[in-house]
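A short write-up of the structure that comes next.
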Amino acid sequence: MIPRVDLLPLFGPPSPAREAVDRAIMAAAEDIGFLTIAGLPPEIPQGAEVRRNLLRIFALPPSEIRKLWRQKFDPSRPNVYRGWFPLQDGHATYKEGIDMGRDVAYGPSVIEPGDILREETPLPSEDALPGWREAVRSYYQAMEQVSTRLMRSLARGLGLPETVFDAAFAGGISTLRLIHYPPRQESSFAGAPAEEVWVMHEGERRHVTGRPHVDTGFVTLLAQDGVDGLQARRRSGEWIDVPPAEGTLAVNFGNSFERWTGGRIKATPHRVLGSGHPRFSIPFFFEPRADAVIAPLPLAGIEPFQPFLYGDHLWATTTRFVEFQGLENLRRPRGNAATLGEALNNERRAAEVS
């Protein structure tokens, strides 16, 4: 079973109830690396109507969606990291959607033309989708709030100051993604390795529509649409369903967080199985700044590792996914001994001030 935790006490002052939630979250993070959360404050946008509003983008005509394509799929487009990825045949993963960055919530001031990780997000016009941009802004900021509460809870669970992660995530490059997994056409399987596409689950032959993977970053908050298919892998190798219950968000952790915590927090492989029905999901990937230094935390028994810039790690791992493959050389690593040392000192000073 995937643990379910009521998060409401995290939005209040210190209390025995909050301590109990901290323990429950930490237990799930150290064990299966997955949980579902409920009990969010009423000001956090959630529910079927919120999802329908955000997912209206998939009803746009192809001519409008084409304007949002990334450079990989339309060489005339300037956007590399943000924007639309269309369906691709011949792979285990079969999905389409859009990746949106911090600018959808905070405007053009957060765009950095010199780094594709902070490029502008192409969006449909207000005329094409009235009110949609405001819905995206509100949802993005709300997921930041929930993610921050989770990170502070995990910091307490690790025995660290609850604000230990705050400086790294201030001005982070979190991604809001909208995904559609349509029923797979027979032609979409051509060229895909059969052993990656077809699996047996509970005695039934099922096809994969999202290949097994671990997320790159830190915390992922996933709104599901009621259609099952998402599964997490236990340490034993068994795949179990992550229930798409209304009023909940699925939470999992990325490999950056696992590495940062010396393996205390588990980055769990997960996949999506096709059901013959359209499936939509809305993941929010909570991420620090591109120039945030990931260095060993003061945790007992943690294995030392060479500090690295999050942006360098993000690009190196993101470009292994099918929708980014072939773009590896478009961003060069920014980290070296001098820049890492300076950045790490800046982060330590910021943490002391907070």
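Tabulated results
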{"quantity": "Some residue of region 51-62 being over 30 Å from HIS277 (Cα atoms) and free of Cβ contacts under 8 Å to residues at least 40 places away in the same chain", "calculated": "no"}
{"quantity": "Any hit, region 59-73, residues being of a type in the set (Val, Ile, Thr), crowded, with 16+ Cβ neighbours inside 10 Å, in a loop (DSSP other than H, G, I, E, B) and modelled with pLDDT of 95 or more", "calculated": "no"}
{"quantity": "Pick from region 74-98, criterion β-branched (Val, Ile, Thr) and within 30 Å of VAL199 (Cβ to Cβ), ranking: modelled with the highest pLDDT", "calculated": "ILE98"}
{"quantity": "When residues of region 20-50 are limited to those that are in contact (Cβ under 8 Å) with a residue 40 or more places away in the chain and acidic (Asp, Glu), the one farthest from PHE218 (Cα to Cα)", "calculated": "GLU43"}
{"quantity": "Matching residues in region 208-236 - criterion: being of a type in the set (A, V, I, L, M) and touching a Phe, Trp or Tyr at 6+ places or on another chain (Cβ under 7 Å)", "calculated": "VAL219, LEU221, ALA232"}
{"quantity": "Condition met for GLU19 (open to solvent by less than 60 Å² (accessible area, probe 1.4 Å), out of contact with any strand residue (DSSP E or B) (no Cβ under 9 Å at 6 or more places or on another chain), in a helix (DSSP H, G or I) and more than 21 Å from ALA142 (Cβ to Cβ))", "calculated": "no"}
{"quantity": "Qualifying residue in region 209-225 (condition: touching a strand residue (DSSP E or B) at 6+ places or on another chain (Cβ under 7 Å), farther than 30 Å from PHE169 by Cβ and surrounded by fewer than 22 Cβ atoms within 10 Å (Cβ to Cβ))", "calculated": "no"}
{"quantity": "Scope region 146-160; condition under 13 Å from PHE257 (Cβ atoms), in a helix (DSSP H, G or I) and open to solvent by 10 Å² or more (accessible area, probe 1.4 Å); matching residues", "calculated": "GLY157"}
{"quantity": "Residue ID - surrounded by the most Cβ atoms within 10 Å (Cβ to Cβ), chosen from residues in region 188-208 that are touching a Gly at 6+ places or on another chain (Cβ under 7 Å) and part of a loop (DSSP other than H, G, I, E, B)", "calculated": "ALA192"}
{"quantity": "Single unsatisfied condition, GLY171 versus (1) within 17 Å of the chain's Cα centre (by Cα); (2) on the phi < 0 side of the Ramachandran plot; (3) open to solvent by 20 Å² or more (accessible area, probe 1.4 Å)", "calculated": "(2)"}
{"quantity": "Tally of residues being open to solvent by 50 Å² or more (accessible area, probe 1.4 Å), out of contact with any Asp or Glu (no Cβ under 8 Å at 6 or more places or on another chain) and not in a loop (DSSP other than H, G, I, E, B) across region 87-108", "calculated": "1"}
{"quantity": "Evaluation of LEU129 against (1) within 19 Å of the chain's Cα centre (by Cα); (2) assigned to a loop (DSSP other than H, G, I, E, B); (3) hydrophobic (A, V, I, L, M, F, W, C) (one fails), failing number", "calculated": "(1)"}
{"quantity": "Some residue of region 109-126 being crowded, with 17+ Cβ neighbours inside 10 Å and within 16 Å of PRO283 (Cα to Cα)", "calculated": "no"}
{"quantity": "Within region 174-208, tally of residues that are farther than 29 Å from TRP315 by Cα and either among the acidic types (Asp, Glu) or under 22 Å from the mean Cα position of the chain (by Cα) (or both)", "calculated": "3"}
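Residue-by-condition table, conditions (1) open to solvent by less than 10 Å² (accessible area, probe 1.4 Å); (2) among the small types (Gly, Ala, Ser):
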residue	(1), (2)
ALA245	no, yes
PHE253	yes, no
PHE257	yes, no
ILE265	yes, no
PRO269	no, no
LEU273	yes, no
PRO278	no, no
PRO283	yes, no
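The values are calculated or read from the model by the stated rules, or taken from the named source; none is laboratory data. Keep in mind that what you see is a predicted model, and the values were worked out from it rather than measured. Neighbour counts are summed over all protein chains in view; Cβ atoms, including those assigned to glycine, are modelled from backbone coordinates with ideal geometry. Note: accessible area is taken over every heavy atom of the protein model, side chains too, but ligands, DNA and RNA are not part of it. Shrake-Rupley method; radii C 1.70, N 1.55, O 1.52, S 1.80 Å.
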